[in-house]
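Take a look at the structure set out below.
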Number of protein chains: 2
Amino acid sequence: MGVQQKLEEALQHIFPGAGRAYGSSRTDTGVHAVGMVVHVDVPAVGLRMPVRKIPLALNAWLPEDVRVVEARRAPGSFHARFDAAGKQYRYFVWNHPVMNPLLRNRAWHVTVPLELRSMRAGASLLLGRRDFRSFAAHHSYEVVDTVRTLKRLEVRKQGPLVTFTIEADGFLYKMCRGLVGTLVQVGQGKFDAGSLPSMLEARDRRVAGATAPAQGLVLWKVFYKRGGGRPGSSSPERDDVADS
Amino acid sequence: MGVQQKLEEALQHIFPGAGRAYGSSRTDTGVHAVGMVVHVDVPAVGLRMPVRKIPLALNAWLPEDVRVVEARRAPGSFHARFDAAGKQYRYFVWNHPVMNPLLRNRAWHVTVPLELRSMRAGASLLLGRRDFRSFAAHHSYEVVDTVRTLKRLEVRKQGPLVTFTIEADGFLYKMCRGLVGTLVQVGQGKFDAGSLPSMLEARDRRVAGATAPAQGLVLWKVFYKRGGGRPGSSSPERDDVADS
């Protein structure tokens, strides 16, 4: 049973007759989310509960691996998915001959040493407003515009842990994992960083690199326009020092 | 079945007739270890295997939640526990009204906001060569000298994640958890930071604060004297940026 269904069951306990839970993103099996935003319509009687009490009430009904961090009232027109102005994902790679047991199912285990400099050079060439068709799964670009604005693509290393921070106004299906998989192959020397612009131009999934496995990917934050339905970002962190 | 027993079973597959596995530390149930050092005597025939191949050979027999990161040859006199010159533990606290599901069983969930400044003030008063009897479990000080040198006790905060870095030449039973439990109570305003020296002086477990739960504690590194049986430290990280 997925997270959405578990949340909808909990909502029915607290707000009988509540509508469906609409998430900001649909994540594949194995992908984690720490900053997911969800909206739900509740019956008018539900508004009697103080908003600050809603997370604890829902968490009492949710399994331990799903937690509601915060609740806010939103205008009736607010939509968690369609109003999102941008998203940040993080992707974790454990780059060491031996996997870290504490990161099983949380990071991609890459044993070949990765060259940080070439991955960073490649990442910088992907920034901006571009057609990311070459990095997304096939069925996503049969129906939609495949131009997105990649605002941030950083690669950091702390010991064997390599962290990709990926921010865009929107993402195509499996686009994050295509970007990371290709950059990791750049770091292994399989592709030259300079070949990335031509991969973009080809607009063909077959020219780009591998798709990184799902379990290293985390939906980190969702951004909404200030003055829109829901101000600010969804990060559960008050002060993300690692970013500064 | 404990980690030691799993390791000894794997060793019997690779080195039939190998002796017992002696760890640098005995960790309670729920305590994690990323930098544990173990020594084992293997039959002379076992020395034919290149040392660098030993981790992968053992990992093939170990369950996924136990990993051997590195193997080195040591003098026959080397003892992982008795030759240890110091250890570093880390303790993780998730300080937020709602627990982070990704840190279940990895961090202590403290909902009351913690005052970083007072915890740091308290930590600085505990440094140095002192009798830590008040912070250790009873049965540890019935038999041993309870004086230890606390070399480092740092408190950092990144968003809701509070990390204690605790380094000493040795630790009494449950001493780390006693130090963290008491500092967390300082951070909650239950004790004044200035009261910690008198807690040390009392040499009585009943005067200090709570024992923090096991699941937030990680044995991070073990230090050995250079020129001793095993040089350097046991950290699996090549470059611990977070420390610098």
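Between B:Val34, B:Trp61, B:Ala71, whose Cα lies farthest towards the positive end of the dipole of the stretch B:18-86 when Lys and Arg beta carbons carry +1 and Asp and Glu beta carbons carry -1, centred on the Cα centre? With unit charges placed on the Cβ atoms, the residue in question is B:Ala71. Copy-to-copy label distances for A:Gly30, where each label lies 7 Å from Cα along Cα-to-Cβ, are 3.3 nm in order of increasing length. Rounded to whole Å, give me the distance from the Cα center of the stretch A:75-105 to that of the stretch B:65-118. Here the two parts' Cα centres lie 24 Å apart.
What the Cα atoms of the stretch A:102-212 give is an Rg and a Dmax of 13.4, 42 Å. In this label model, A:Arg206 and B:Tyr173 are separated by 6.7 nm, measuring between points 7 Å along each Cα→Cβ vector. Calculated on the alpha-carbon coordinates, the convex hull of the stretch B:1-91 measures out at 105 cubic angstrom per residue.
Interface residues of the stretch B:147-177, defined as a loss of at least 10 Å² in heavy-atom accessible area between the chain alone and the complex of all protein chains with a 1.4 Å probe, are B:Lys157, B:Gln158, B:Gly159, B:Pro160. Apolar share of the accessible surface for the stretch A:1-150: 53 percent from carbon plus sulfur atoms, 1.4 Å probe. Annotation for the A:B interface, with buried accessible surface near 2400 Å², both sides summed [1.4 Å probe; non-protein components not counted].
Beyond 14 Å, what share of the Cα-Cα pairs of the stretch A:1-46 remains, rounded to the nearest whole percent?
Details: 530 of 1035 pairs.
So the pairs more than 14 Å apart make up 51 percent of the total in the stretch A:1-46.
Based on DSSP H segments of at least four residues, each scored -39500 (n - 2.57), chain B has a per-residue ellipticity at 222 nm of -5500 deg cm²/dmol.
Let me know the whole percent of all Cα-Cα pairs from the stretch A:51-145 that are separated by more than 21 Å.
Numbers: 2899 of 4465 pairs.
Counting pairs separated by more than 21 Å, the tail of P(r) holds 65 percent.
With +1 on each Lys and Arg Cβ and -1 on each Asp and Glu Cβ, how big is the dipole of the protein assembly as shown about its Cα centre, in debye rounded to the nearest 20? Show your work: numbers first, answer last.
On the way: 70 positive and 44 negative charges, 86 e Å.
Approximately 420 debye in magnitude.
Along its principal axes, the stretch B:163-220 has C-alpha extents of 29, 23, 17 angstrom, given from the largest down.
List the pairs from A:Lys225/B:Lys190; A:Lys221/B:Lys53; A:Lys53/B:Lys190 whose alpha-carbon separation is above 32 Å, in the order I gave them. With Cα atoms farther than 32 Å apart: A:Lys225/B:Lys190; A:Lys221/B:Lys53.
Over all distinct Cα-Cα pairs of chain A, the Kirkwood formula returns a hydrodynamic radius of 19.3 Å. With only the Cα atoms considered, the protein assembly as shown has a convex hull volume of 179 Å³ per residue. Remark: label point of A:Leu56 defined 7 Å out from Cα along the Cα-Cβ vector; separations to the same position in other copies 5.3 nm, ascending.
Loop only by DSSP, 13 or fewer other Cβ within 10 Å of the Cβ. Give me the trypsin sites (Lys or Arg not before Pro) in the stretch B:38-91 that pass, ordered by residue number.
Values: sites: B:Arg48, B:Arg52, B:Lys53, B:Arg67, B:Arg72, B:Arg73, B:Arg81, B:Lys87, B:Arg90; in loops: B:Arg67, B:Arg72, B:Arg73, B:Arg81.
The qualifying sites are B:Arg73.
Relative contact order, whole percent, for the stretch B:126-206 stands at 39, derived from Cα pairs under 8 Å and 6 or more residues apart.
Largest first, the extents of the alpha carbon coordinates of the stretch B:75-121 on the three principal axes equal 52, 30, 10 Å. What chymotrypsin sites (Phe, Trp or Tyr not before Pro) in the stretch B:115-177 are in a loop by DSSP, with at most 16 other Cβ atoms within 10 Å of the Cβ? Sites meeting the loop and neighbour criteria: B:Tyr173.
Please identify, among A:Asp169, A:Asp131, A:Asp65, the residue showing maximal mean-square fluctuation in a Gaussian network model of chain A using a 10 angstrom Cα cutoff. Ranking A:Asp169, A:Asp131, A:Asp65 by mean-square fluctuation puts A:Asp65 first. Would you please give the FRET efficiency between B:Ala60 and B:Arg156, computed as 1/(1 + (r/R0)^6) with r the Cβ-Cβ distance and R0 = 35 Å, to the nearest 0.05? The formula returns an efficiency of 0.40 here.
Per residue, the solvent-accessible area of the stretch A:94-135 (1.4 Å probe, heavy atoms of protein chains only, all protein chains present) comes to 48 Å².
Write down Rg/Rh for the stretch A:37-78, rounded to two decimals, with Rg from the C-alpha atoms and Rh from the Kirkwood relation over Cα pairs.
Numbers: Rg = 10.9 Å, Rh = 11.4 Å.
Rounded to two decimals, Rg over Rh is 0.96.
The values are calculated or read from the model by the stated rules, or taken from the named source; none is laboratory data. Computed from a predicted model, the values in this text were never measured in an experiment. Please note: Cβ atoms are built from the backbone with ideal geometry, for glycine as well, and neighbour counts cover all protein chains shown. Only protein heavy atoms, including side chains, enter the accessible area calculation; ligands, DNA and RNA are left aside. Shrake-Rupley method; radii C 1.70, N 1.55, O 1.52, S 1.80 Å.
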